[in-house]
Amino acid sequence: MIATRTWALGLILALLAAASWWLARQQGPAPLRIPAAAHTPDYWGEGIRALTLDAHGRPHQRLQATASRHFPDDGSTELERPRLLIYRPERPPWHIQAERGWVSQDGGLMLLRGQVRIDRAAAPGVRPVHLVTHDLSVRPRDEYAETDAPVRIESRADWITATGLKAWFHPAVRIKLLARVRGHYEE
């Protein structure tokens, strides 16, 4: 009787093992789990320069950065110490520089982070301009920039401070100050 029970228990265990093996074979191997791609760069560069020309072959805009990193998940590019020059026919170029930058996949939006400086040298009939702010959004194709941060604009002994700014660099330079505007003007 003990032998029959042992034999029956062994048969049941063997059948369970065979059934487990058969089920595992029916389901196939466990699916390979590939983790979702993180926001990691697929390539980077140092000392980049890009120049765009106008319809007449003259320099229109130049972008420089000490380093760049491209991200394949959204197509964006991060920049270290970006400098954007916007050239004007017969006028000094606008120099825009920041601590860090981000450029959208299509290049239509540039976010300049940290301290941002915008400068234009003096020329006959053109006053020098020095502007300091933080976190500036730039649409390079539209030659437009804006920020909600505090702004300080200086030109010779004159100065203006404000909170927020909208600036158009073409066809004519226009600057709209949004709030808390204060200024000093000397003749």
* Asked: Within region 76-106, can you find the residues that are farther than 14 Å from Ala145 by Cα, at pLDDT below 90 and either in contact with a helix residue (DSSP H, G or I) (Cβ under 9 Å, 6 or more places away or on another chain) or not in a strand (DSSP E or B) (or both)?
  -> Pro89, Glu90
* Considering every residue within region 110-125, establish whether at least one is over 17 Å from His95 (Cβ atoms) and either in contact (Cβ under 8 Å) with a residue 12 or more places away in the chain or among the charged types (D, E, K, R) (or both). => yes
* Might you let me know whether region 64-71 holds any residue that is more than 21 Å from Tyr43 (Cα to Cα), in a strand (DSSP E or B) and among the polar types (S, T, N, Q)? => no
* Examine region 128-141 for a residue that is out of contact with any strand residue (DSSP E or B) (no Cβ under 8 Å at 6 or more places or on another chain) and more than 18 Å from Gln97 (Cα to Cα), and state whether such a residue exists. => no
* **Residue count for region 154-186, restricted to those that are touching a His at 6+ places or on another chain (Cβ under 9 Å) and under 21 Å from Tyr87 (Cβ atoms)** => 1
* **Checklist (1) modelled with pLDDT of 90 or more; (2) assigned to a strand (DSSP E or B); (3) surrounded by 10 or more Cβ atoms within 10 Å (Cβ to Cβ) applied to Glu46, failing item** => (3)
* Asked: Filter region 108-143 for residues that are surrounded by 15 or more Cβ atoms within 10 Å (Cβ to Cβ), outside any strand (DSSP E or B) and of a type outside the set (D, E, K, R); which is farthest from the chain's Cα centre (by Cα)?
  -> Pro140
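The values are calculated or read from the model by the stated rules, or taken from the named source; none is laboratory data. This one's a predicted model, so the numbers in the text were calculated from it and none came from an experiment. Glycine also receives a Cβ, built like all others from the backbone with ideal geometry; neighbour counts cover every protein chain displayed.
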